[in-house]
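Engineer: Provided herewith is a single structure, encoded as structure tokens, for subsequent inquiry.
The values are calculated or read from the model by the stated rules, or taken from the named source; none is laboratory data. Treat the numbers as computed from the prediction; the structure is a model and nothing was measured. All Cβ positions, even for glycine, are placed from backbone atoms using ideal geometry, and neighbour counts span all protein chains on display. What goes into the accessible areas is simple: the full protein's heavy atoms, side chains included, and nothing from ligands, DNA or RNA. Shrake-Rupley method; radii C 1.70, N 1.55, O 1.52, S 1.80 Å.
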Amino acid sequence: MQIGILSDTHNHLPRTEQAVTMLLDAGAEALFHCGDLASPEIVAACSVLPFYFTFGNHDSDMVPVLEQAAREEGANCLRWGGEITLAGKRIALVHGHITKDLRPLLEAEPDYLLTGHSHKTHDFQVGSTRRINPGALFRASEFSVALLDLTTDDLQFIRVNN
């Protein structure tokens with residue numbers, strides 16, 4: 001199973017729609033957003049597949065609106081962070097700007113911890129947990145998302161134009 005990972009869209013809808021199309025074309029079967037969506041339109045754009053998201057620092061004023069969008073679109077809002085199991089893998093999702101939200105997820109030793117906030121890609125191991133940041137679709141020198149194959153553990157960063 002392949003999952004698409006996005007972060008830090010900051011309400012940039014055209015670029016988000018382009019990224020979602022690219023992830024669909026690459027074979028994504030579910031989408032994960034690591035926070036800073038900033039609008040319900042981003043929830044709608046990402047809900048073309050099973051969709052999981054967490055809040056980021058730029059979402060704090062939008063929490064009720066984003067929760068309502070999740071209900072309307074059938075998306076899975078993990079609020080300020082959470083964990084799900086998909087294809088036999090434990091996947092934790094948090095924006096990463098608040099240590100008290102990140103630390104318990106990391107201490108639970110999921111297979112993957114997906115984060116955003118820095119607007120920079122990263123892929124590294126902490127104990128048994130692989131930490132992945134897909135980059136950002138706003139305020140980045142290069143816009144990017146990521147595609148992760150949960151079966152093979154293959155990760156690829158995908159550059160998004162615009």
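Engineer: Of the numbered conditions (1) without any contact (Cβ under 8 Å) to a residue 60 or more places away in the chain; (2) surrounded by fewer than 20 Cβ atoms within 10 Å (Cβ to Cβ), Asn57 satisfies every one except a single condition; which is it?
Structural biologist: Asn57 satisfies every listed condition except (1).
Engineer: Checking the conditions here, which among Asp8, Asp25 is touching a Phe, Trp or Tyr at 6+ places or on another chain (Cβ under 6 Å) and modelled with pLDDT of 95 or more? Let's see the steps before the verdict.
Structural biologist: Values: Asp25 fails: touching a Phe, Trp or Tyr at 6+ places or on another chain (Cβ under 6 Å).
Going through Asp8, Asp25 in turn, just one is touching a Phe, Trp or Tyr at 6+ places or on another chain (Cβ under 6 Å) and modelled with pLDDT of 95 or more: Asp8.
Engineer: Given the criteria at pLDDT below 95 and out of contact with any Ser or Thr (no Cβ under 8 Å at 6 or more places or on another chain), does Asp59 qualify?
Structural biologist: When the stated conditions are applied, Asp59 passes them.
Engineer: Which numbered condition trips up Ser47, out of (1) touching an Asp or Glu at 6+ places or on another chain (Cβ under 7 Å); (2) among the hydroxyl-bearing types (Ser, Thr, Tyr); (3) under 16 Å from Gly135 (Cβ atoms)?
Structural biologist: The number of the failed condition is (3).
Engineer: Check whether at least one residue in region 91-100 is open to solvent by 40 Å² or more (accessible area, probe 1.4 Å), on the phi < 0 side of the Ramachandran plot and touching a strand residue (DSSP E or B) at 6+ places or on another chain (Cβ under 9 Å), and report yes or no. Outline the logic, then answer.
Structural biologist: Of the residues in region 91-100, the ones open to solvent by 40 Å² or more (accessible area, probe 1.4 Å) are 97-100.
This time we only want the ones that are on the phi < 0 side of the Ramachandran plot, so: 97-100.
Then drop every residue that is not touching a strand residue (DSSP E or B) at 6+ places or on another chain (Cβ under 9 Å), which leaves none.
Within region 91-100, none of the residues are open to solvent by 40 Å² or more (accessible area, probe 1.4 Å), on the phi < 0 side of the Ramachandran plot and touching a strand residue (DSSP E or B) at 6+ places or on another chain (Cβ under 9 Å).
Engineer: Would you pick out the residues in region 64-86 that are among the aliphatic types (A, V, I, L, M) and either modelled with pLDDT under 95 or part of a strand (DSSP E or B) (or both)?
Structural biologist: Selection gives Ile84, Leu86.
Engineer: Is one or more of the residues making up region 111-120 part of a strand (DSSP E or B), more than 12 Å from the chain's Cα centre (by Cα) and among the polar types (S, T, N, Q)?
Structural biologist: Within region 111-120 (the criterion being part of a strand (DSSP E or B), more than 12 Å from the chain's Cα centre (by Cα) and among the polar types (S, T, N, Q)), the answer is no, since none of the residues qualifies.
Engineer: I need a count of the residues in region 69-103 that are more than 13 Å from the chain's Cα centre (by Cα) and within 19 Å of Thr16 (Cβ to Cβ).
Structural biologist: 5
Engineer: Please specify each residue of region 101-145 satisfying the condition of being open to solvent by 10 Å² or more (accessible area, probe 1.4 Å), under 18 Å from Gly82 (Cβ atoms) and modelled with pLDDT of 95 or more.
Structural biologist: Asp111, Arg130, Arg131
Engineer: Can you tell me which condition Val65 does not meet? The list is (1) of a type outside the set (S, T, N, Q); (2) within 21 Å of Thr152 (Cα to Cα); (3) surrounded by fewer than 17 Cβ atoms within 10 Å (Cβ to Cβ), and all the others hold.
Structural biologist: If we test Val65 against (1) of a type outside the set (S, T, N, Q); (2) within 21 Å of Thr152 (Cα to Cα); (3) surrounded by fewer than 17 Cβ atoms within 10 Å (Cβ to Cβ), just (2) comes out false.
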